[in-house]
Structures are given as C-alpha cells and as structure tokens.
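Working notes for the structure below.
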Amino acid sequence: MGAFAGKSVVVTGGAKGIGRAISLGFVRAGAGVACADVDEAAGAEILRLAAGAEGRMIFVAADVSRSAACKALVERTVAAFGGVDIRCNNVGIQPTDSYLPAHELPEETWDRIIDVNLKSRFLMTKYCVPEMKKRGGGAIINTASVQGLQSALGVGPYAASKGGDLSLTRQLALEYAKDRIRVLAVNPGTIETPLVAEAAAAFGETVDSQRAKWGACHPLDRIGQPEEIADVVMFLASDKASFMTGSYVNVDGGLMAKGAWA
C-alpha cells in the first residue's frame, strides 16, 4: 500500500508544472486526488498519466479565485473520496505582461493575481476545513515563493500575494492547531515550468538561454524540477512532519542563503 493510501487530496493548479508533479506524486502513493485546473487539455493529459496508479484521480475544471468553483470542487472531492485530508494550494499566476512598476500596472491585473494567488487560499479554507474537521485533522500545504521573502523589480502583485501566502500560512496554523490541521508552505526558487518558456518569449530569449540565466542565479547553478518541490510537499503532508506547522521550507537551490539574489 502506498504511503497515502486512503487519503483524499485536493491540488489546485494541479494539471501543469509543480501542480502536476504534486498530483501525480500523491496518486502514485495511493491517494485519491482531486486535480483542479482551468486548463482542461492539461487535465485530460494528467488523467492519462495517472492511469494505472495505485490511487485514483479525478479532474475538476475550476477557477479557484471564485467562491462557487471552490465550493463545487470540495463537493466533488467529498463525493468521490469521502472527505478531504490534504489540501495543496498550488495555483498561482505571474503573467509576463504584469512585469511593470506599480504605477503602470492595470488595476484589473493586480486584482486577478491577488484573487488567484491569495484569495483562492481563503476560499479553499472556507470550504475544505469543515470537511477536514470531520476527518479529525489534516494538512494544508501552500506553494508560496522565495519572492514572498525577497523581491525583484516589476513583480509587485506577485510578491504581495506570496508574502500574504506566508502570513496566512502562519495565521491558519494557529487558527486550526486545535483541530489537528497543520498548515505549512514551500518556497520554490525558479522551477522548470511553462513560465520559463513564457518568459523567454516575452524577453526575446531562447528557452535554453533563459533557463541558463535564471539557473546561474542559484548557488546550485541550475533551476529546479517540479518533482523536487512535490517531494517536499509530500513530506510536509505526511506523518513524518507531524510536529511541523506554521512554518515554511525553502526549496530554492540556495537562493535565500545567497541573499540579494535579484
């Protein structure tokens, strides 16, 4: 039996990049996984990849910046797997056309990034926690970012959302400790996701040159792989991390040890 057999896991932004690695990691470890994403083609692909895994996966097309979508996602998860044990708030956006100083940033762009990256955490808490209480506890793992600790030019709403993510992680950990719900975060550095290709196109670089440029910022001299984040997320969600709550783990190739990386 896999390490997460019998567990029910919800992963937002779960069909691509880091989210895909998290979703596949849990389903291969025996969990029932509700993978939520706005990209339905990616959803079909991850269901194909999950076929034959020890656990079972469902895909739910959902924009989790919307309350009704979050409520429906939790209802689908409970119907499929009987409850919710683990929630991975992975969804996040950093559009390349948002790399602007604050006075040039469209208000709607700010709102969209904050709604997806931060408000979704609140909404998923609103609907998941009652189900987690019924199970006697659980774990919430937020995918934050090193940009919640330090920042760079032109990423105001993203940095604000990730700083908020870390603050909310601490607050929720205190709020729900009595309910045996642990709340933790991971701070990835640059990871091999579709954003690398998107940034390369926006900045007039090749994917290889963009990857090398960002990799050179990291003391380990490379960018990370999604599976390297998923491994830490799964550890934090497991009983092996049973005395951890309210904190974060940097999975960043040494960026925060380096200091002024930007």
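A few comments on the model shown:
- For the chain, the per residue solvent-accessible surface stands at 45 Å², with DNA, RNA and ligands left out and a 1.4 Å probe.
- Counting only protein heavy atoms and a probe of 1.4 Å, the accessible surface of the chain is 55% carbon and sulfur.
- Net dipole in debye of the chain [+1 Lys, Arg Cβ; -1 Asp, Glu Cβ; about Cα centre; nearest 20]: 1060
- Debye intensity ratio I(q)/I(0), log10, the range 72-164, q values 0.18, 0.22 Å⁻¹ (C-alpha model): -0.80, -1.00
- Extension gain for residue 41 to residue 213 (0.36 nm times residue separation, less C-alpha to C-alpha distance): 58.9 nm.
- The chain: relative contact order as a whole-number percent, Cα under 8 Å and 6+ apart: 19
- In angstrom, the C-alpha Rg and Dmax of the chain are 17.5, 54.
- Note on residue 133: aspartates and glutamates with a C-alpha under 19 Å away, same-chain residues under 8 apart excluded, are 75, 85, 175, 179, 239.
- With helices as the sole contributors, the chain gives -14000 deg cm²/dmol at 222 nm; each DSSP H run of n ≥ 4 counts as -39500 (n - 2.57), and the sum is divided by every residue.
- C-alpha long axis of helix 120-134 to longest principal axis of the chain, angle in °: 20
- Cross-link pairs exceeding 21 Å in C-alpha to C-alpha distance, out of 119/162; 16/213; 119/213; 126/178; 71/119; 16/162, comprise 16/213; 119/213.
The values are calculated or read from the model by the stated rules, or taken from the named source; none is laboratory data. Values in this document were obtained by computation on a predicted structure and should not be read as measured data. Neighbour counts are summed over all protein chains in view; Cβ atoms, including those assigned to glycine, are modelled from backbone coordinates with ideal geometry. For the accessible areas, the whole protein counts, side chains as well, though only heavy atoms, and no ligand, DNA or RNA atoms are used. Shrake-Rupley method; radii C 1.70, N 1.55, O 1.52, S 1.80 Å.
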